[in-house]
1. Name the one entry in Gly259, Gly217, Gly254 that is within 16 Å of the ligand (Cβ to nearest atom), in the same structural domain as Glu44 (by TED's automatic domain parsing) and surrounded by fewer than 20 Cβ atoms within 10 Å (Cβ to Cβ).
2. For Lys247, state whether it is surrounded by 22 or more Cβ atoms within 10 Å (Cβ to Cβ) and either assigned to a loop (DSSP other than H, G, I, E, B) or within 15 Å of the ligand (Cβ to nearest atom) (or both).
3. Taking only region 35-48 into account, find how many residues are over 16 Å from the mean Cα position of the chain (by Cα) and assigned to a helix (DSSP H, G or I).
4. Out of the residues in region 58-72 that are outside any loop (DSSP other than H, G, I, E, B) and not hydrophobic (A, V, I, L, M, F, W, C), which is nearest to Phe166 (Cα to Cα)?
5. With touching a Leu at 6+ places or on another chain (Cβ under 6 Å), buried (at least 16 other Cβ atoms within 10 Å of the Cβ) and at negative phi as the only criterion, which of Phe33, Phe91 stands out?
6. Mind telling me which of the residues Leu203, Leu147, Leu164 ends up being touching a residue at least 24 places away in the same chain (Cβ under 8 Å), in the same structural domain as Lys94 (by TED's automatic domain parsing) and over 22 Å from Ile109 (Cα atoms)?
7. When you scan region 108-124, how many residues do you find that are farther than 26 Å from Ile56 by Cα and either within 16 Å of the ligand (Cβ to nearest atom) or of a type outside the set (Asp, Glu) (or both)?
8. Is it fair to say Thr255 is assigned to a loop (DSSP other than H, G, I, E, B), within 30 Å of Arg180 (Cα to Cα) and modelled with pLDDT of 95 or more?
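The values are calculated or read from the model by the stated rules, or taken from the named source; none is laboratory data. All figures in this text were calculated on a predicted structure; none of them were measured in a lab. Glycine also receives a Cβ, built like all others from the backbone with ideal geometry; neighbour counts cover every protein chain displayed.
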Amino acid sequence: MVVSFSSESRQVESCRLVNSFFNVAENEAIDQFLREGYIIFDLEDSSLLNAIRKNIYQSAVELLGDRTQLDEEDFFDKTHEIISIKDLNDFRVKSIARMNQDKSLRPSIYALGKKYIDWLVGNELAMQRNCNLSVQFPKDDSSLLPLHSDVWSGNSPYEVVFWLPFVNCYRTKSMFILPRHESEAVFRNFKQYSHLTSEDFYLKIQEKLVWLEVKYGQGVIFSHSLLHGNRINNEPDTRWTMNVRFKSLLSPYGTKELGESFLPITMRPATRIGYNYIKPEC
Ligand SMILES: [Fe+2]
């Protein structure tokens, strides 16, 4: 069923949406995001992605010294061979701190996903102040994210996560998400689930979860309001991903506020003038 954009909002949400103000590709991306709550896409500039990964590798070489016996091609998939699980979090936290000192990182990350971020979120944006790294070794249960919605911990439902892998991600070496229609069905009937343990909750909806298959060179944008998480990585290689949140600058904020967790990145001049409007005093 196709409806026009002006139809009653609940009806629009559940049906295919065609808006003649958007081009064909934009409408397709919007339609998929509204339906599934996520989209996987090819990044716009592979040389920029390679440069970001090289910087992270060089930082790791400096942190690890003699322990870095792997070249860049193997380092990310095989990190578990040279760092112990005990040292992993310290290494990850130091890598994040060093990575975020690079002022070109956030503009580069935005450039990689700009087309889809603008289509799905808007062109006046706030971006999280810091980018985050997740490193998950095979068989490691120390850094798991059980089934959750980020809104439950205070994030705004207007935010999206840009999820960027530095290795090929598949099966348990990736993350899972419960597509939008399924997540919303769970939320509508949440009394059925609210008494369950996290593991029983997962088992109850396991068959409806989608494990994202994302290659190096691709990215994901997903609504973190939907149910998602990860499990023990049972594949042979380490998972390396970066994540950072974007939201429309003027949409409602959660506990992560503008000026603290989020910074404006693409405020347009008309909005800037409006923000600074001075009411004449009589
Ligand atoms: Fe999350």
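1. Details: Gly259 fails: within 16 Å of the ligand (Cβ to nearest atom); Gly217 fails: within 16 Å of the ligand (Cβ to nearest atom).
The conditions single out Gly254.
2. Working: surrounded by 22 or more Cβ atoms within 10 Å (Cβ to Cβ): yes; either assigned to a loop (DSSP other than H, G, I, E, B) or within 15 Å of the ligand (Cβ to nearest atom) (or both): yes.
Against the criterion (surrounded by 22 or more Cβ atoms within 10 Å (Cβ to Cβ) and either assigned to a loop (DSSP other than H, G, I, E, B) or within 15 Å of the ligand (Cβ to nearest atom) (or both)), Lys247 qualifies.
3. Narrowing region 35-48 to residues over 16 Å from the mean Cα position of the chain (by Cα): 35, 44-48.
From what is left, the residues that are assigned to a helix (DSSP H, G or I) are 35, 46-48.
Total satisfying the criteria: 4.
4. Looking only at region 58-72, we keep the residues that are outside any loop (DSSP other than H, G, I, E, B), and these are 58-67, 72.
Those still in the list that are not hydrophobic (A, V, I, L, M, F, W, C) too: 58-59, 62, 65-67, 72.
Values: Gln58: 14, Ser59: 15, Glu62: 19, Gly65: 21, Asp66: 23, Arg67: 20, Glu72: 11 Å.
For region 58-72, the residue satisfying everything is Glu72.
5. Details: Phe91 fails: touching a Leu at 6+ places or on another chain (Cβ under 6 Å).
Exactly one of Phe33, Phe91 is touching a Leu at 6+ places or on another chain (Cβ under 6 Å), buried (at least 16 other Cβ atoms within 10 Å of the Cβ) and at negative phi, namely Phe33.
6. On the way: Leu203 fails: touching a residue at least 24 places away in the same chain (Cβ under 8 Å); Leu164 fails: over 22 Å from Ile109 (Cα atoms).
Within the list Leu203, Leu147, Leu164, the selection yields Leu147.
7. The first filter runs over region 108-124 and keeps only residues farther than 26 Å from Ile56 by Cα, leaving 118-124.
Restricting the remaining residues to those that are either within 16 Å of the ligand (Cβ to nearest atom) or of a type outside the set (Asp, Glu) (or both) gives 119-123.
Residues in region 108-124 being farther than 26 Å from Ile56 by Cα and either within 16 Å of the ligand (Cβ to nearest atom) or of a type outside the set (Asp, Glu) (or both): 5 in total.
8. Working: assigned to a loop (DSSP other than H, G, I, E, B): yes; within 30 Å of Arg180 (Cα to Cα): yes; modelled with pLDDT of 95 or more: no.
No; evaluated as a whole, the condition is false for this residue.
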